[in-house]
Ligand code: SF4
């Protein structure tokens, strides 16, 4: 098969044994790779109802047909498991060089199960897997782990490592890879803690197999055609990185602040991409062979944190540690981001959980003595201390390590009302109140509060009616099919959305035709997206998810945005219910949100 290694590697961390299965053409054509393969493999190999930390849970790394080709943003992989935060299907994608190197091993997916008796790392080459001792690496940061393993395995090997947070089973632990100072982090859902529960400190890949293309000339023609829109569409990303979003979203009245009590943040200009770029930008960094180079290295040149050299905080991180905490100290955002990367924590969940804690303190649900360090709105020193304590599960950090929802359940009977989360996943920086497409999008997302299930990008465009619920279930369905296909190819969202289209459109069909040689149509890709969404839903239904779980945070449904350009907006339960009826109808699911046999049959599931 063109575009594929054609093999799946299964590794048992307990015994160190591995086996290989062949990828059939039917599997590849019906699911593409990445997200699609992960959904199928988790459904088939993770027994229903097992705890996320049970050795039977699987961590799947998967690449797709486009990985390691010439398509911009192709060095992208998907990692998936049952999440310890949501208890549901979860996948997270990451860049850097690791994905291209993984493809060169000739394995399209690596499935890790079991639990090693001692810390290990799993090394995968074209020949298969080796499980190697990692006792000396236990306790090290993600970066030090990557450096140490590359010292042994060589600079051509790529390493995906967990940090101290993953070792301590923090429910939102992240894992990271480093290449020429470009971090690639699979941040969300606590998947690094699942590796930690298996005593797996890192997954290492090394290989040299080439991805063969069916029609290189056709691919070149497509890329030549899309070069200009891609360059124009990614200009702001190339210049500032994702923080360019801070100002326009604040101007729209959709930037969550003070644990969502506001959606305007008067201090936003101080933490905007433009301002931080002017003061801190040191150089650009990029994933393998990507012309956009949206990564930035910052250097803090003044104040208490002067001398800090670290990666730029992404827009979502600025929201979580900045506006949500009433914190306009720009340097502290870079430090918080750096700490999260090194210790292995998801920045969105960490910041939003701290925002909940700040409100709980203010309401008297938490006593300052329980928290143990001075902390409150805008207290960035306390914030940084609590980040470290969370990764180490030290003192109050042990409770923060459970995420906002579980922490809320432990402080007050009504506290979950002020948690900004869906299905226990803390939400990102694209408003569930000010963007109606996100309201239904978050409520129905397989992962919960994720902005990579339904996309906010089209909703910020001129001409999009963000205020009306009309047509939004249709929008969510279309957008979810797109993200499922995009994450199955696997492509970087930034390059794909801006270069090839915001939905499943003709350029994607041409791309798949050029890589694989299959005469794929837009309609066939759309059905692949639908198939992947249904596989994820079946996994979640098996875990008990029904209509009752497809809800929004209490605050989003009951408290209107108090002021600013989006004042008055919320998504009342009746409105959400009407959108859900329509959404289930479009999906061919029953009124309780369960896929019908007829629809599953039509999708070949
Ligand atoms: S746009 Fe940014 S995240 Fe995407 S591949 Fe390029 S450098 Fe990596």
Rg [Å, one decimal], Dmax [Å, integer] - the range 127-244, C-alpha atoms:
18.4, 51
Distance between Cα centroids, the range 72-94 to the range 173-239: provide it in whole Å.
12 Å
Put in order of increasing Cβ neighbours within 10 Å, starting from the fewest, 21, 267 give 21, 267
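Cβ neighbours within 10 Å, averaged per peptide: list 329-337, 297-305 in order, most packed at the top.
Values: 329-337: 25.2, 297-305: 15.8.
Taking the mean over residues of other Cβ atoms within 10 Å, the ranking is 329-337, 297-305.
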Show me, bin by bin at 5 Å from 0, the whole-percent P(r) of the range 194-263 based on Cα pairs.
3, 11, 9, 9, 9, 10, 16, 14, 12, 6, 1
When the C-alpha atoms of the range 1-91 are aligned to their principal axes, what extent does each axis show, in angstrom, from largest down?
39, 28, 23
Let me see the pair-distance distribution of the range 447-595: every alpha carbon pair, 10 Å bin width, integer percents in order.
10, 36, 34, 17, 3, 0
For the range 143-184, list log₁₀ I(q)/I(0) at each q in 0.24, 0.32 Å⁻¹, using the Debye formula over Cα point scatterers of equal strength and ignoring solvent, two decimals each.
-0.79, -1.09
For the range 250-327, what number results from the quotient of the Cα radius of gyration and 2.2 N^0.38 Å?
1.21
With a 10 Å Cβ neighbour count serving as the proxy for reagent exposure, in which order, fewest first, do 75, 92 appear?
92, 75
Isotropically averaged projected area of the range 279-428, using the convex hull of Cα atoms (one quarter of hull area), nm²
9.4 nm²
Among DSSP bridges having both ends in the chain, what percentage is antiparallel? Round to the nearest 5.
80 percent
State the extension gain, in nm to one decimal, for the chain segment bounded by residue 362 and residue 524, taking 0.36 nm per residue of separation less the distance between their alpha-carbons.
53.0 nm
Based only on other Cβ atoms within 10 Å, what is the fewest-to-most ordering of 440, 561?
561, 440
Helix-only mean residue ellipticity at 222 nm, the chain, DSSP H runs n ≥ 4 weighted -39,500 (n - 2.57), per residue, nearest 500. What is it?
-12000 deg cm²/dmol
The range 505-550, convex hull of Cα, quarter of hull surface, nm² -> 4.1 nm²
Give the average over all directions of the projected area of the C-alpha convex hull of the range 389-479, one decimal, in nm².
6.9 nm²
So what does the Cα-only Debye profile of the chain read at q = 0.07, 0.08 Å⁻¹, as log10 I(q)/I(0), no solvent term?
-0.37, -0.49
Spatial separation of Cα centroids for the range 576-605 and the range 46-60, in angstrom:
26 Å
Residue 598-residue 370 pseudo-label distance in nm [points 7 Å out on the Cα-to-Cβ vector]:
5.1 nm
Determine, for each peptide in 381-391, 268-278, the mean count of other beta carbons within 10 angstrom over its residues, then list the peptides with the highest first.
381-391, 268-278
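Bear in mind these aren't lab numbers, they're just calculated from the coordinates by the rules spelled out. Here the structure is a predicted model, which means the values were calculated and not measured. Cβ: placed from backbone, ideal geometry, glycine included. Neighbour counts: every protein chain shown.
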